[in-house]
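Here, each number is a calculation from the coordinates, and none is a lab measurement. Here the structure is a predicted model, which is why all the values come from computation and not from measurement. Glycine also receives a Cβ, built like all others from the backbone with ideal geometry; neighbour counts cover every protein chain displayed.
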Ligand SMILES: *[C@@H]1O[C@H](CO)[C@@H](O)[C@H](O)[C@H]1NC(C)=O
């Protein structure tokens, strides 16, 4: 889910592409893979920025961050930074997909930083983080407390119920950036709000104003989390870059109602669809989305993307897409029927595929419609590159990749054992049965030969021809290998190195990249 969610988010939010500077002595702690773990684990409360020196938003943040770091030294809250161009591993481990990414750490546990990016804002946000995550609630302050946010959660439990109190606190701590949590020990107040001890009431400024959680035993962090993730999402809210992550984290499929904000029927449709959303509560989430602004997202969900309203569901786990192709006469009843089939598992995901091409190059061009034919060709070790036409790393890799394919295809033995293939990941959906999580381009995977093998091995090495050959030779079932001809001896029809002729060719320039 993670990888997929990140990509969708990039589609919804504008990513930062930016310019470069360096700074001198600083109160911001620099972290590297050598000392990162010790720092975040030891510090009771710290803020870590994952950045790239070329990112403009990062540069704009730097002086503010520095000022906040100096100010927060007084409260013993440390601010640190990780340069993702130097510490790729740390940034991957932290699922950093955009710059800057800021995270609040407490003894190694992180939560996203969702505060302001100005010095005083950072100081105030981080100072609040030092306050207790759970506030005491009584009949005197409950009315006031309810209004603190759009969604406020109050736990009611006996003073002696240590388990419930501990679980509530752990839950509040884990969600302290996004959630206001209160605790009351009064059974009278609990009863007034419709629960027994221990119980939970969420007060909301949307949909039903009060929702309850009554468990058989003590409160549990897991149950509280589930309740929060479900009930804090309105039945039908408008989705944007700010709240998208909450939907992604919930893990439930997301149903999109694409609508032109100017449409005269929008309001009436939203009212009817809210009723439909209620019927599917807990099985999926439903949102409305600005079709004018995010029309490309409709296309990504395999909708035509040129007529509104439109409707589609996407699985947050696999990324599988289910566009509703016929809206019928009445949108809400069509959607209801469609979602009934969806939750009943009666719908096949829609798979976009490029047109089946003629194979004219040693690199096999795979499209979704021929995915199984080439990638699950069990006789062969199949190396598959998922690329995007706009991706610079992919373009740089292309000559190496072609050369690689040429080496295998012109070696009589290796040609029978190895396929070098590529697929345009923007034009082709990955079939769900392939179970590939696409986290970026290029992604290079090996499907080792053998009918019993269904897992892919991800390539993480250098993008050099030698390293790719070594990968195929060690991870492939056939252990097939070819030798790279020396650069000066490059040939247009290079076979295995030992037999390569010394004819100079246009390929020579390609070797400069190796
Ligand atoms: C971590 O290592 C870097 C590079 O050696 C150093 O600049 C930095 O001060 C260290 N940070 C901590 C917290 O020790």
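Once you sort the root eigenvalues of the Cα gyration tensor of the stretch 157-212 as a ≥ b ≥ c, which label holds: rounded (a/c under 1.5), prolate (a/b larger than b/c) or oblate (the other case)? Oblate is the answer for the stretch 157-212, as a/c is 1.5 or above yet b/c matches or exceeds a/b.
Tell me, what is the percent relative contact order of the chain, built from C-alpha pairs under 8 Å that lie six or more residues apart? 10 percent.
Largest first, the three principal axis extents of the alpha carbons in the stretch 364-499 are 43, 35, 24 Å in whole numbers. A Förster radius of 22 Å, combined with the Cβ-Cβ distance separating residue 230 from residue 279, puts the computed FRET efficiency at roughly 0.90.
Counted over the stretch 18-128 with a bin width of 10 Å, the fraction of Cα pairs per bin, in whole percents, is 15, 53, 31, 1. The residue 173 and residue 483 beta-carbon pair, evaluated with R₀ = 51 Å, returns a calculated FRET efficiency of approximately 0.35. For the pair residue 393 and residue 130, the difference between a 0.36 nm per residue extended length and the Cα-Cα distance amounts to 90.4 nm. The mean sequence distance of close C-alpha pairs (under 8 Å, at least 6 residues apart), as a share of the length of the stretch 18-128, puts its relative contact order at 37 percent. For the stretch 132-231, the C-alpha radius of gyration divided by 2.2 N^0.38 Å, with N the number of residues, is 0.94.
Considering only Cα atoms, the convex hull volume of the stretch 236-343 works out to 94 Å³ per residue.
Summary value for the stretch 184-336: 20 percent relative contact order, contacts being C-alpha pairs under 8 angstrom separated by 6+ residues. Taking a point 7 Å out from the Cα of residue 325 in the direction of its Cβ, the residues of the stretch 339-353 whose backbone N falls within less than 15 Å of it are 347-353. For a modelled paramagnetic label at residue 416, 7 Å from Cα along Cα-to-Cβ, the residues of the stretch 448-487 in reach, with backbone nitrogen under 17 Å, are 449-450, 477-482. Computed extension gain for residue 360 through residue 196, at 0.36 nm per residue and net of the alpha carbon distance, reaches 51.9 nm. Just need log10 I(q)/I(0) for the stretch 348-437 at q = 0.21 Å⁻¹, Debye formula, equal scatterers on the alpha-carbon atoms, no solvent, rounded to two decimals. For the stretch 348-437, the Cα-only Debye profile gives -1.09. Between residue 340 and residue 32, residue separation times 0.36 nm minus the direct Cα-Cα distance comes to 105.8 nm. Rounded to the nearest whole angstrom, the semi-axes of the ellipsoid equivalent to the stretch 261-412, taken from the Cα gyration tensor as √(5λ), stand at 41, 18, 12, largest first. The stretch 107-186 and the stretch 220-296 have Cα centres lying 25 Å from one another. Taking the inverse of the mean reciprocal distance over all distinct Cα pairs, the Kirkwood hydrodynamic radius of the chain comes to 26.6 Å. Overall, the anisotropy analysis places the stretch 320-387 in the prolate class: the square-rooted eigenvalues a ≥ b ≥ c of its C-alpha gyration tensor yield a/c not less than 1.5, with a/b exceeding b/c. Hey, what number do you get for the chain at 222 nm if only DSSP H runs of n ≥ 4 count, each worth -39500 (n - 2.57), divided across all residues, to the nearest 500? So the helix-based figure for the chain works out to -10000 deg cm²/dmol.
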